[in-house]
1. Among the residues of the range 54-111, count how many are within 13 Å of the chain's Cα centre (by Cα), modelled with pLDDT under 85 and loosely packed, with under 12 Cβ neighbours inside 10 Å.
2. In the range 36-53, what count of residues is obtained for those that are among the small types (Gly, Ala, Ser) and modelled with pLDDT under 80?
3. From the list 33, 27, which residue is among the hydrophobic types (A, V, I, L, M, F, W, C) and modelled with pLDDT of 90 or more?
Amino acid sequence: MLSRWLASFRTLHRPECRAAWLIALAADTIQIAVFPLFAEGGFSPTDAALDVVVGFLLTKLLGWHWAFLPTLGAELIPGLDLFPTWTAAVYFVTRSEADLSSRPRNNPPIPIVEQQR
């Protein structure tokens, strides 16, 4: 699983996408691993500050995307920040950035030739 993730991480061409992934993973890891500090969820000023900073950084790196708005809202709900929402949002935004040349391509359709009678 980790090798698969690393392989797809390497296919991201833009350094902004890689930085966004690292920021999202770091933010979600902090919110999950350091749970007692952020136990209040949306009522914790530290948690809210982290979410605002992460939202700003991701918007700065990747540009505005609608996926960031529900993510920020979900982060304000206590307990829901235990799900890696920032990572999911960055995945949603950057999924088309992967190098498609490394994936097998579909064969082009074979043209149908009209048969003469």
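1. The total comes to 2.
2. 4
3. Criteria check complete, one pass: 27.
The values are calculated or read from the model by the stated rules, or taken from the named source; none is laboratory data. Computed from a prediction, not measured in an experiment: that's the story for all the values here. When we count neighbours, we look across all protein chains shown, and the Cβ atoms used for this are built from the backbone with ideal geometry, even at glycine.
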